[in-house]
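This report concerns only the one structure given below.
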Amino acid sequence: MDRQQSLSALRQTGEVWDIAIIGGGASGLGVAVDAASRGYRVCLLEQSDFAKGTSSRSTKIIHGGVRYLKQGNISLVRKALDERATLLRNAPHVVSKMRFVLPSYRWWESTYYGAGLRLYDFLARGDDFPTCRKLSRDEVVSALPTIDAHRLRGGVQYWDGQFDDARLAINLATTATEQGAAVANYVQVTGLCKTNRGTVCGIKWRDVETDRSSELLAKVVVNATGPFADSVLQLDKTRPPVISPSQGIHLVFDRSVLPSQQALMVPKTDDGRVLFAIPWHDVVVAGTTDTLVETVGLEPIPQVAEVDFILKTLNRYLDIDVSSQHVRSVFAGIRPLVRRSGNRKTASLSRDHSLWEDSTSQLVTIAGGKWTTYRQMAEETVNLAAQVAKLPPRPCGTKELAIHGKTEDTTISGSLAHYGSDAAIIEQWMQEPGRDRQIHADLKLSHAEISFACRHEMARTIDDILARRSRSLLINARAAIEAAPDVASIMAGELDRDESWISQQIATFSTIAEGYVCHFRQK
Ligand SMILES: Cc1cc2nc3c(=O)[nH]c(=O)nc-3n(C[C@H](O)[C@H](O)[C@H](O)COP(=O)(O)OP(=O)(O)OC[C@H]3O[C@@H](n4cnc5c(N)ncnc54)[C@H](O)[C@@H]3O)c2cc1C
C-alpha cells in the first residue's frame, strides 16, 4: 500500500468513482474489498488510521455469539457461524481456533449450557471446528489452573475463533489495494457534494497531514463510519441521531492470571451478560462491559465502575486476588448500535447490522453488526450500492477470496506468524545488522517490523505502529510509552521526518498511551 499513490488517484480530475467509502474500519474495508474484487472503481477514505475506531478494540473473538441463542436469535447465530468458517479459511494467519471453558458451580449448569452449546454446534455443522463436550471438575482445573475450585462441579468446553482485529483490518486494506481500490488513511471527509436534485454525487475531503482540501466525484457514497455514522448523516441533512453508542472496555493482564491456552467464559455476570478472559498474544484479555455513553470519540475513556466490574467478576471465578495492580493495559471501544425507536436501553438494541439508502440523497449507510460478519455485511452493502448507482450487476466473490497474508506455509511460528506470507520479507530484513533488534525488552517488536509497517502498511504515526501494526500498546501500555522514542526515530528515517516531528509524535503518543495505563484503584 502506498499512501501517495492513493492520494494521487483521489486527486485525479475527471475521475468518477463507482463507489466512494467513508470509514476504514471492518465495515468500510470489507466494502472496499468486495466492491474492488467485483471490478468496480472504488476509493476509501479514513480520517485517522485503519481500525483506529471500534475495529481495533474488540474482544478478538470470531463467533456466532453463544449469548444470542438465549435471545432466540437463531438466524443471526447461524449466519455468523458461517462467516466464522469463511474467515478461518480465508485468513488462517490472523484467525485461529480457541477452546472456551464454562465452569459450573451449580448442579444444573453443565446440562443447561451443554444443551445450548450442542445447538450452537448443530448450527455450525459441516465446518472445521470441534464440537463441545462436558468436562469433569479435574478437567476444568487442568484447563484453567487459576479457577476457583471451591464448590466447582465441572464445566463445558466449546470452540470459537480468535483473531487479531487490527492486523485483519490492515490485511483487508492491502487486499482492497491489490484488487485495485485506492485506500488512504489520515484523509477526513468534511462534506458531501450534491446535484441540483439533492443526490449525493461526491465528497469533500481533507488530507489531515497537509491540511489540503479536495473534492472527488462518485456514483454512490457509502457511509461506513460505525459509531460516527451520525456525524456523516448530519453532513447530508439534519436529523435525529440513529446510533446509540455503548462502550465496552477490556483489561489486559499478564498470563499469570490465567496460565492457559484456553479461555474462560463466564456465562452470566451480575448485569446478565457474558464475560471472557482470553489468552491473546502473551497476555490475557478480559472483557467486556456495556455502558451507554453520550459522546463518541476516537479514544473512549474507560470508567472506574467498568474496571471494578471486570475485576469483581474475575475475582468471583479465580482463586487468585486480581487487582488493578495486575493490569498491563486497559482499552475501550464503542459499539455502533442502531436505534430501532427512541429506546435508549442498549441491551435491547439491535446487535445485527442495519443497511439503508436515504430516499432523497441516496447516501448508503451501513452500521452495527460485528467483526465476524463484516464480509456478509459488505456483500449486502455492495449489492445495494451497485443498485443505487446503476452499476452493471456483478457477483460477489469474497467467500472464496484469500485475504492478504494467507499462506500454505505452516513453518512460520512465533511472533511473526500473524504476518502470514509477509513474514518471509520481514525475516529477510532481520538478517541485516541491527534490524532484528527488539525495541523493548517487554515487547516483541523488531526494527524490521517497524520499517515494514512504514513501507508496506501505511503506518504514519507512533500510534499506528504501537497500537495497530503491532499490539504493543494493548499488551503493555507502560512498555509502549518507553518504546515510543525509539519507534519515532526509526519511523523518521523511513518517512523522512525531522526532529520536530519526532518530538511532536512522542508527545502525542504519550498522551494517548496514558489513557491505556490503569490508574484506577479498586473501591
Ligand atoms: C467492546 C467491544 C467488543 C467487541 N468484540 C467483538 C468480538 O469479539 N467479535 C466481533 O465479531 N465483534 C466484536 N465487536 C464488534 C466490532 O468490533 C464492530 O462491530 C466493528 O469493529 C465495527 O466496525 P466499523 O467499521 O463499523 O466501525 P469502526 O471500526 O469504528 O470504523 C469507523 C471508521 O470511520 C472513520 N470515520 C469516522 N468519520 C469519518 C470521516 N468523516 N471521514 C473519514 N473517516 C471517518 C473512523 O475514524 C473509524 O475508523 C465488539 C465491539 C465492541 C465495542
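Structure above, values below:
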quantity: Breaking point among (1) open to solvent by 60 Å² or more (accessible area, probe 1.4 Å); (2) within 28 Å of the chain's Cα centre (by Cα), for residue 151; calculated: (2)
quantity: Output for the range 268-283, where each listed residue is modelled with pLDDT under 95 and among the β-branched types (Val, Ile, Thr); calculated: 269, 274
quantity: Which numbered condition residue 331 fails, given (1) within 17 Å of the chain's Cα centre (by Cα); (2) open to solvent by 10 Å² or more (accessible area, probe 1.4 Å); calculated: (2)
quantity: Residue count for the range 150-175, restricted to those that are more than 9 Å from the ligand (Cβ to nearest atom), among the hydrophobic types (A, V, I, L, M, F, W, C) and over 15 Å from residue 49 (Cβ atoms); calculated: 3
quantity: Top-ranked residue in the range 76-100 [being assigned to a helix (DSSP H, G or I) and charged (D, E, K, R); ranked as surrounded by the fewest Cβ atoms within 10 Å (Cβ to Cβ)]; calculated: 78
quantity: Residue match in the range 399-408 (condition: at pLDDT below 95, over 22 Å from residue 372 (Cα atoms) and open to solvent by 40 Å² or more (accessible area, probe 1.4 Å)); calculated: yes
quantity: Listing of strands (runs of 3 or more DSSP E) fully contained in the range 210-296 that carry 1 or more residues being away from the ligand (no atom under 11 Å from the Cβ) and closer than 30 Å to residue 139 by Cα; calculated: 243-254, 263-266, 275-280, 283-287
quantity: Candidates 27, 6, 37 - the one that is among the hydroxyl-bearing types (Ser, Thr, Tyr), modelled with pLDDT of 95 or more, open to solvent by 20 Å² or more (accessible area, probe 1.4 Å) and over 16 Å from the mean Cα position of the chain (by Cα); calculated: 37
quantity: Verdict on residue 496 being of a type outside the set (A, V, I, L, M) and farther than 16 Å from residue 472 by Cα; calculated: yes
quantity: Neighbours by Cβ (under 9 Å, 6+ apart or cross-chain): first from the range 190-211, over 17 Å from residue 8 (Cβ atoms) and hydroxyl-bearing (Ser, Thr, Tyr); second open to solvent by 10 Å² or more (accessible area, probe 1.4 Å) and within 14 Å of the ligand (Cβ to nearest atom); calculated: 190/204; 190/206; 190/213; 190/235
quantity: Residue check, residue 441 among the aliphatic types (A, V, I, L, M), open to solvent by less than 30 Å² (accessible area, probe 1.4 Å) and over 20 Å from the mean Cα position of the chain (by Cα); calculated: no
quantity: Residue pairs meeting the criteria (Cβ under 8 Å; at least 6 apart or on separate chains; first closer than 15 Å to residue 411 by Cβ, in the range 421-434; second acidic (Asp, Glu) and surrounded by 15 or more Cβ atoms within 10 Å (Cβ to Cβ)); calculated: 426/449
quantity: Residues located in the range 219-262, provided they are over 23 Å from the mean Cα position of the chain (by Cα) and open to solvent by 20 Å² or more (accessible area, probe 1.4 Å); calculated: 219, 234, 235, 237, 238, 239, 240, 241, 256, 259
quantity: Helices (runs of 4 or more DSSP H) wholly inside the range 411-523 containing at least 3 residues that are under 18 Å from residue 94 (Cα atoms); calculated: 423-429, 447-456, 472-475
quantity: Residue that is farthest from the ligand (Cβ to nearest atom), among those in the range 25-67 that are of a type in the set (Gly, Ala, Ser), assigned to a helix (DSSP H, G or I) and over 15 Å from residue 163 (Cα atoms); calculated: 37
quantity: Subset of the range 263-278 that is surrounded by fewer than 20 Cβ atoms within 10 Å (Cβ to Cβ) and under 21 Å from the mean Cα position of the chain (by Cα) - its residue that is nearest to residue 319 (Cα to Cα); calculated: 274
quantity: For residue 149: the one exception among (1) closer than 30 Å to residue 46 by Cα; (2) hydrophobic (A, V, I, L, M, F, W, C); (3) touching a residue at least 60 places away in the same chain (Cβ under 8 Å); calculated: (1)
quantity: Filter result (surrounded by fewer than 15 Cβ atoms within 10 Å (Cβ to Cβ), of a type in the set (D, E, K, R) and more than 15 Å from the ligand (Cβ to nearest atom)) within the range 176-209; calculated: 178, 197
quantity: Positions within the range 469-487 being over 22 Å from the mean Cα position of the chain (by Cα) and surrounded by 24 or more Cβ atoms within 10 Å (Cβ to Cβ), in sequence order; calculated: 483, 484, 487
quantity: All positions within the range 43-73 that are aromatic (Phe, Trp, Tyr) and either open to solvent by 30 Å² or more (accessible area, probe 1.4 Å) or under 27 Å from residue 121 (Cα atoms) (or both); calculated: 68
quantity: Any hit, the range 303-317, residues being in contact with a helix residue (DSSP H, G or I) (Cβ under 6 Å, 6 or more places away or on another chain) and under 17 Å from residue 254 (Cα atoms); calculated: no
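The values are calculated or read from the model by the stated rules, or taken from the named source; none is laboratory data. Nothing here was measured: the structure is a model prediction, and the numbers come from that model. Methodologically, a virtual Cβ is constructed for each residue, glycine included, from the backbone with ideal geometry; neighbour enumeration extends over all protein chains shown. Areas reflect the complete protein model, heavy atoms only, side chains present, ligands, DNA and RNA absent. Shrake-Rupley method; radii C 1.70, N 1.55, O 1.52, S 1.80 Å.
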